[in-house]
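Okay, so here's the structure we're looking at.
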Amino acid sequence: MLLDLVQNTVDGLAVGAAYGLLALGFTLIFGVMRRLNIAFGPSIMIGIFAGAWLHAEWSVGMVPVFLAVLAGAVITAAYVERISFAAIRGDAALASMASSFAIWMQLEEAVARVFPGRTYGFPTFDGMPMIEIGPVLLRPEYLVMLVTAAALVAALQWGLAHTRFGLELRTLADRPEAARVSGVNVARVAFLTFLLAAAIGGIAGFLIAAADGQITPKIGLWATIKGLIAMVIGGLGSLRGALIGGLVLGVVEANAQWFLGAAGREMTTYALLFLALVLLPAGLAGRTEAGARAEAERRL
Amino acid sequence: MAAALEISGLTRRFGGVTALAGVDLSLLPGEVLGLIGPNGSGKTSLFNVLSGHYAPDAGAVRLDGRDIAGWAPRRIARAGVTRSFQNLRLLKRLSLYENLRAATHSAASGRELFWQSRAAKRRERSQLMDLLALFGLEDKADDAPGALTLVEMRQLEIARLLAARPRLVLLDEPAAGMTPAETARISRIIAEHVLPGRSVIVIEHKMPLITALCRRIAVLQAGVKIADGPARAVLDDPLVRQSYFGSRPC
Amino acid sequence: MDSYTISVLSNIGLFSFLAISAWILLIAGEISFGQQAYFALGAYGAGIATAVWQWPFALGLGFGIVLGAGIGALVAWPAMRLTGVHFAIATLAFAEFLRSGLNIFRYRREVGGYLTGPDGANGFRDIRWAYEAGVEPLGYLILIGGCLLSVIALVACLARGRGMALLRIVGEDPILAAMQGISVARVRIGAAALAGGVAGFGGGLYAHMATYVEPAQFGVMPGVHALAYGLIGGLGTVFGPILGVLVDIGALESLRVFSGYRMIVFGGLVALVLIVRPRGLLDEAALRRGLAWLRR
C-alpha cells in the first residue's frame, strides 16, 4: 500500500513534469498577452506528427525526430500568433480565443488529411535500462522527463533574470503600460514569447510521445486541457507555479488511477480541481500583489 | 445641524503601506468639500473605502447616522452614495442611454427583469433623455461612448451619477486630463447640476476647479489629514503650501 | 423535406440551445467550457423521467430544464467569484466531473418487462417517447423549432425588461455594476441558472430525438464548439449563436465540394471574420444600430 503510494507518486511526478512543461508554455503566453491560446496543444500535435512522419518515411534517429517536432510546433505557433493574436488588436481576448479555436479545427483537419488513421507509432528511447531505487522502479523515459523539466525551468528562470529579452518579457507581463512607455517592442516580445512557449511545448510533446510510443490527433485536446489545468492549479503567470501545478496534477492522477480506477481518477481529479479553484483562486504559487484586486472582487 | 457624513479614525493598510491613518472628516448636508493632497496621499483610497470598494481596517463611517463602514459596494450605493472615477468607468459596448440606465436598475422590481410595461418604459426613457438633454447628449443616445470627447464623457458620467439620485456624491478628479477651458466648463456643469441639494466631496489637483466649487478644503498627506477649514485659510496655511505646493507660492 | 434535411435542421436546432446557453454566460462576462454538462443533465434527467418513471413528455422536459437550471445555479454559487480563465477551467472541471460520474452512474429499473435506464459507460437506451407517441421526424423538428422559439422569446423578454441590460453591465464591468447598487452575485447566479436551464431544455429534446445517449457524447468538444458559435455569430443578439451554428453546420453541408478540406476553409474564414469583427458578426454595434433604426 505504502509502496504503491510511493511508486505512483514517482510515476506521477514524471508525467506531472510533462504537464508542468505544457503549463509553462501556457503561462508564458498568458502572462505576456493576457489571452488564452487554446490552439497551443494542437500546435504541439502538428510537431509530433511531423516527427512521426519523418521517422516513418526515413526511419531517422531520435535527434532529427526531436528537431522535426520542435520545428513543427514552432512554425505552427508562429502561424497561430500571426492570425489569431497579432492580427486581432485591442481589448479582444475573447476574439483571440475563438480564433485560436478556429485554427485548432484547421490543424485537426490538416492532420486528418495527411494521417487518415487513428493512431501512429512514435519512436521510443530503446535500450535504456529500468532504474531501480530500492523497491521503486523508475522508467528511464520518466527520468528524462524529470531532468528535462527541471533543467528547462532553471534555464528559463535564469534567462528571465539575466537576458535583455527576459527583462522585456517580465516587464510586459508585470506592467504592460510601463513596457509600452519604456520603448519595449511589444509586438516583437509577444511573438518571440509565443515561439518560446511553443518550443517548450514541443519538448514536452516529444517526451510524452516518446514515452507512449504512439500518437493520435487527440493529443492536441489533451495537451491543451492538461496544460491549462496545471497552469491554473499553480497560479497564473508564475513559472514555478506552472511546474508545481503540473507535478501536483500528475501525482494526484497517478494515485487516483491506481486506487480508484479510471472513472475514479477522472472524478477525483476534476472534483479536486474545482475545489482548488474555489478555495485557492490565486493558485498554489499565487502572487500576493493581486490581493487588493481580489479583495475588490470578493466584495461584489 | 447633524452631519450628513461623519468619518472617524478611518484606517486602511495595503500590505506594509498605510494608505489612510486614522482620518476624521465630517460633512454637513449640502456642503461641498474639496479634498486635496499630493499623489499617493490617500485621497482615492478614502473614496475607495467610502464607496465600499475596500473595507477599512479600523474606524467608522456614519452616513446620516448609520455606520456604513465595511458594507459591500452595492449596499453603500443603495444607501445613496455615488462616485465618479478618475479614469472614467463607462460601459463602452453599451449605448449612452444604457450607460445612464445602469444607475436605475438597482431600484427596480424583480418582475421588471422580464417585462417593463410600455408606459413604464416611456416614462423611464423620457426621464433619462431629459437628463441627457441637460448635457446636450440626447442626439447621441444610441451611440457608444467611444465617439465622445473627454468633456462629453465626463458629462455622461455626471449624468449617470445624477440618475442614481444620490445624497452623497464623491467626485474623483473630474477635470483629469482637461485643458483650462474644459476645466472651467466642467466646473460650471458641476456647480449647476451636481451641487444643488447634495453633499459633495471633490478630489482635484486643478486649483481653479477647487476654488470655484468649494468653500471648505481638507488636505491629506501620507494618509493623515493635515488641514481642514475655509478654503482661503487652508490654501494660505504655510504647512499646506509646503507639503502640497513645495515652497512655490500659488 | 427529405429525412436528411430534417436531421440536419434538427441538429442545428438542438445545437442552438447549447450555443445560446454559452452565449448567455458570455454576455454576463464569463467563459464557460462546460455547458455540455447541463445539456447532459437535461438529457439524462428528461430521459429518466419519461423512460423510467413514465412521466408525461412535457413534465420530463420540464424536469430536465429544472435540473439544468438548479445544478447550474448550485455550481455557480461557489464559482461566482472566479472570472476569466479560472471560471472557464472551473466549468470544465465540473463538466468532466459530471461526465466521468455518468460513466459509473447506473439506474436501471424494470419497465414493461425490460430493464431501462442509464447503464454507466454503456449509455442510456430506449428513451422512446417520440417513437411510442408516433411523432414523425418532421413533427419532432417542428417541436424543436417551437421550443427554440420559446427560448428566443424568453431572451427577448429579458431584453425588453432589465435582465439583458443587467447581464451586459455585470459582464462588462462588475465593479462599476456593484457601485450602481447591482447585486453582481445574484446576476451571475441568475445567468448561470438561465444558461443551465436552456442547455437542459436542449438536452431533454436531444435525448428524446436520439433515443440513446452516452457519457462520451458530452465531452469537451461540443462545449468548446458551443462557445465558439456565440463568438463567431456575435455577442449582440440571441441570433448570434444561432447564426454561428448555422454557419458551421450549414457550411458542413454546403461546402461538401471541399470535402476533407472543409474545416481548413471554414477555420480560416472564421479567423478572418474575427480579425475584422472581434465580437462576432452580429456584435453590440450592430445591435445598437438596429435598435436606433427601429426607433426611427
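Note on segment B:119-141: residues that are exposed (fewer than 13 other Cβ atoms within 10 Å of the Cβ) and facing chain C (nearest Cβ under 10 Å) amount to 0. Residues in segment A:29-53 that are open to solvent by 10 Å² or more (accessible area, probe 1.4 Å), in contact (Cβ under 8 Å) with a residue 60 or more places away in the chain and more than 15 Å from A:A93 (Cβ to Cβ): A:I46, A:W53. None of C:R168, C:R109 is among the basic types (K, R) and either open to solvent by less than 30 Å² (accessible area, probe 1.4 Å) or within 14 Å of another protein chain (Cβ to nearest Cβ) (or both) except C:R168. Kindly indicate whether C:V276 is farther than 29 Å from C:G139 by Cβ, more than 9 Å from chain A (Cβ to nearest Cβ), crowded, with 23+ Cβ neighbours inside 10 Å and out of contact with any Phe, Trp or Tyr (no Cβ under 8 Å at 6 or more places or on another chain). Taking the combined requirement at face value, the residue does not satisfy it.
Here A:A151 does not fit the description of being modelled with pLDDT of 90 or more and within 30 Å of C:G223 (Cβ to Cβ).
The requirement of being in contact with a Leu (Cβ under 7 Å, 6 or more places away or on another chain) and open to solvent by 20 Å² or more (accessible area, probe 1.4 Å) is not satisfied by A:I219.
Residues that are closer than 30 Å to B:F14 by Cα, aliphatic (A, V, I, L, M) and in a loop (DSSP other than H, G, I, E, B) within segment B:183-234 comprise just one, B:A222. Scanning segment C:128-145 turns up no residue that is over 24 Å from C:T5 (Cα atoms) and part of a helix (DSSP H, G or I).
Just wondering, is there one or more residues in segment B:36-50 that are modelled with pLDDT of 90 or more, open to solvent by less than 20 Å² (accessible area, probe 1.4 Å) and more than 21 Å from B:I210 (Cα to Cα)? Looking for residues that are modelled with pLDDT of 90 or more, open to solvent by less than 20 Å² (accessible area, probe 1.4 Å) and more than 21 Å from B:I210 (Cα to Cα), one finds at least one in segment B:36-50, hence yes.
From the list B:V169, B:V151, the one residue that fits, being under 20 Å from the mean Cα position of the chain (by Cα), closer than 20 Å to B:H205 by Cβ and within 13 Å of chain C (Cβ to nearest Cβ), is B:V169. Selection of first residues in segment A:54-71 that are surrounded by 16 or more Cβ atoms within 10 Å (Cβ to Cβ) and of second residues that are of a type in the set (S, T, N, Q), restricted to Cβ pairs under 9 Å at least 6 apart or on distinct chains, gives an empty result.
Being touching a residue at least 40 places away in the same chain (Cβ under 8 Å), under 23 Å from the mean Cα position of the chain (by Cα), in a helix (DSSP H, G or I) and surrounded by fewer than 24 Cβ atoms within 10 Å (Cβ to Cβ) is the requirement here; does C:G250 meet it? In short, yes.
Among the residues of this structure, C:A185 counts as one that is modelled with pLDDT under 95 and surrounded by fewer than 24 Cβ atoms within 10 Å (Cβ to Cβ). Picking from residues in segment A:139-155 that are in contact with a helix residue (DSSP H, G or I) (Cβ under 6 Å, 6 or more places away or on another chain) and not small (G, A, S), the one that is surrounded by the most Cβ atoms within 10 Å (Cβ to Cβ) is A:M145. Against the definition (open to solvent by less than 20 Å² (accessible area, probe 1.4 Å) and more than 8 Å from every other protein chain (Cβ to nearest Cβ)), how does B:L96 come out, yes or no? The answer is yes for B:L96. For segment A:91-105, does any single residue satisfy the condition of being surrounded by fewer than 22 Cβ atoms within 10 Å (Cβ to Cβ), of a type outside the set (G, A, S) and out of contact with any Phe, Trp or Tyr (no Cβ under 9 Å at 6 or more places or on another chain)? Among the residues of segment A:91-105, at least one is surrounded by fewer than 22 Cβ atoms within 10 Å (Cβ to Cβ), of a type outside the set (G, A, S) and out of contact with any Phe, Trp or Tyr (no Cβ under 9 Å at 6 or more places or on another chain), which makes the answer yes.
Within segment C:210-227, the set of residues being surrounded by fewer than 20 Cβ atoms within 10 Å (Cβ to Cβ) and either more than 14 Å from chain A (Cβ to nearest Cβ) or free of Cβ contacts under 8 Å to residues at least 40 places away in the same chain (or both) comprises C:A210, C:T211, C:Y212, C:Q217, C:M221. For segment C:90-113, enumerate the residues that are in a helix (DSSP H, G or I) and more than 18 Å from the chain's Cα centre (by Cα). Answer for segment C:90-113, where residues must be in a helix (DSSP H, G or I) and more than 18 Å from the chain's Cα centre (by Cα): C:F97, C:S100, C:G101, C:L102, C:N103.
Among the residues of segment C:148-165, those that are more than 13 Å from chain B (Cβ to nearest Cβ) and without any contact (Cβ under 8 Å) to a residue 60 or more places away in the chain comprise C:L149, C:S150. Evaluating C:A177 against the criteria (1) aliphatic (A, V, I, L, M); (2) open to solvent by 10 Å² or more (accessible area, probe 1.4 Å); (3) more than 17 Å from the chain's Cα centre (by Cα) leaves one unmet condition, (2). In segment B:39-142, counting only helices (runs of 4 or more DSSP H) that sit wholly within it, the ones holding 3 or more residues that are touching a residue at least 40 places away in the same chain (Cβ under 8 Å), closer than 26 Å to C:V184 by Cβ and of a type outside the set (S, T, N, Q) span B:43-50, B:96-101.
Please work out if B:L156 is open to solvent by less than 50 Å² (accessible area, probe 1.4 Å) and more than 30 Å from C:G236 (Cα to Cα).
Numbers: open to solvent by less than 50 Å² (accessible area, probe 1.4 Å): yes; more than 30 Å from C:G236 (Cα to Cα): no.
Here the answer is no, as B:L156 does not meet what is asked.
Listed residues C:A130, C:A93, C:A73; which is open to solvent by less than 20 Å² (accessible area, probe 1.4 Å) and either within 14 Å of chain A (Cβ to nearest Cβ) or at pLDDT 95 or above (or both)?
C:A93
Listed here are the residues, each with its yes/no results for (1) more than 24 Å from A:A52 (Cα to Cα); (2) hydroxyl-bearing (S, T, Y); (3) at the interface with another protein chain (Cβ under 9 Å from one of its Cβ atoms).
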{"position": "A:A68", "(1), (2), (3)": "no, no, no"}
{"position": "A:A77", "(1), (2), (3)": "no, no, no"}
{"position": "A:E81", "(1), (2), (3)": "yes, no, no"}
{"position": "A:A86", "(1), (2), (3)": "yes, no, no"}
{"position": "A:A92", "(1), (2), (3)": "yes, no, yes"}
{"position": "A:S99", "(1), (2), (3)": "yes, yes, yes"}
{"position": "A:V111", "(1), (2), (3)": "no, no, no"}
{"position": "A:R118", "(1), (2), (3)": "no, no, no"}
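The values are calculated or read from the model by the stated rules, or taken from the named source; none is laboratory data. Since the model is a prediction, treat every value here as computed from it, not as a measurement. For neighbour counting, all protein chains shown are included, and Cβ atoms are generated from backbone atoms with ideal geometry for every residue, glycine included. To get the accessible areas, we keep the full protein, side chains included, count just its heavy atoms, and leave off ligands, DNA and RNA. Shrake-Rupley method; radii C 1.70, N 1.55, O 1.52, S 1.80 Å.
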